[in-house]
Amino acid sequence: MPFKRTRPYLALSQEIKSRLKQISKSRTEKAGRVDRVKMIFAYFQGVTISAIAREFSANRPRVERCIDKALHLRPLTTLNNFPRCLNRSVQLALIVRMS
C-alpha cells in the first residue's frame, strides 16, 4: 500500500496553468526552467515525487525543492533559479523585489 501524501496539494489558477503550459512548450526558455514547470505540472496532476524524479532522471531532493518552493511561494516565482549560497531572507527579498 502506498504512503499517504504529507505535502499539501498544489492549487493553480487557470491563468497560471496557461502560463506554465506556455513555458513548458517553449523552445527558447532555458531547459532547467522548462523541467521545473513540467515537475510542477506533474505534481499538480497527482504524480508522486518518486515518479517525477524517475521521469526526469533527477534525484528526489531536487524534485522536493522544486515542489516545496511552488507550495510555499508562487509557482511562477519558483522557476527562477536562486543561488544556493543566498540565505532564505535574501532569497525572499529578491522574490518580493521581482514581484
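Quick notes
- Yes/no for Ala31 being over 18 Å from Ala11 (Cα atoms) and at pLDDT 90 or above: no
- Residue count, the stretch 49-81 (criterion: polar (S, T, N, Q) and surrounded by 15 or more Cβ atoms within 10 Å (Cβ to Cβ)): 2
- Qualifying residue in the stretch 31-50 (condition: of a type outside the set (S, T, N, Q), closer than 16 Å to Asn80 by Cα, in a loop (DSSP other than H, G, I, E, B) and free of Cβ contacts under 8 Å to residues at least 24 places away in the same chain): no
- Residue in the stretch 6-17 that is farther than 14 Å from Thr78 by Cβ, surrounded by 10 or more Cβ atoms within 10 Å (Cβ to Cβ) and more than 15 Å from the chain's Cα centre (by Cα) present: no
The values are calculated or read from the model by the stated rules, or taken from the named source; none is laboratory data. Predicted, not measured: the structure shown is a model, and the values here were computed from it. In this analysis, Cβ positions are derived from the backbone assuming ideal geometry, glycine residues included, and neighbour counts consider all displayed protein chains.
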